Amino acid sequence: MINVLPMSLSFNSSISGIRAATNMLNTSAHNIANSNTDGYKKQHVNLKSDHGGGVIAEIAESTERGSRYKNKRGDTVETSNVNYSEEVVTQIKARHLLSANAASIKYTNEAQESIMDIIA
């Protein structure tokens with residue numbers, strides 16, 4: 001009998017990778033949308049391996065300070081600490097993570113179909 005558990009694990013790992021990439025894209029979009037909001041602290045996604053073979057995406061707030069300026073009333077205000085260059089790199093990484101996991105699902109599915117053809 002053929003064990004399909006490794007293929008199931010591959011599929012589940014790829015799904016968790018797609019979720020992680022989606023979290024990265026959503027977090028980056030949120031950062032860019034708030035980049036002109038004084039005092040906004042950017043968020044970032046930390047990826048950790050899951051015991052089941054997948055990936056866990058944890059969203060954390062940055063502790064970096066933004067630059068400071070004096071507003072019209074003379075108050076010192078901290079700007080957002082969002083860096084557009086970092087956000088572009090995050091989006092590129094997320095895109096590659098999505099592509100790799102989608103390809104993994106495709107090839108896992110093809111392998112399962114081939115096994116079913118052999119068995120039948």
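Observations
- 0 to 90° range, to nearest 10: angle between helix 84-119 axis and the chain longest Cα axis: 10 degrees
- Per residue, the chain exposes an accessible area of 68 Å² to a 1.4 Å probe, with every protein chain left in place.
- Accessible area of the chain belonging to carbon and sulfur atoms, whole % at 1.4 Å probe: 55 percent
- D (Stokes-Einstein, µm²/s), Kirkwood Cα radius, the chain, 0.890 mPa s at 25 °C: 146 µm²/s
- Kirkwood radius for the stretch 6-58, taken over all pairs of different Cα atoms as the inverse mean of 1/r, rounds to 12.3 Å.
- Loop-located GluC sites (Glu not before Pro) in the stretch 23-120 (DSSP state not H, G, I, E or B) with no more than 14 neighbouring Cβ atoms inside 10 Å: GLU64.
- Cross-link partners of LYS70 among lysines (Cα-Cα below 20 Å; sequence separation of 8 or more within a chain): LYS41
- Residue with peak Gaussian network fluctuation, the chain [Cα springs, cutoff 10 Å], from LYS41, LYS72, LYS93: LYS72
The values are calculated or read from the model by the stated rules, or taken from the named source; none is laboratory data. The shown structure was predicted, so the numbers you read here are calculated from the model rather than taken from an experiment. Every residue, glycine among them, receives a Cβ derived from its backbone with ideal geometry; neighbour counts consider all protein chains shown. To get the accessible areas, we keep the full protein, side chains included, count just its heavy atoms, and leave off ligands, DNA and RNA. Shrake-Rupley method; radii C 1.70, N 1.55, O 1.52, S 1.80 Å.
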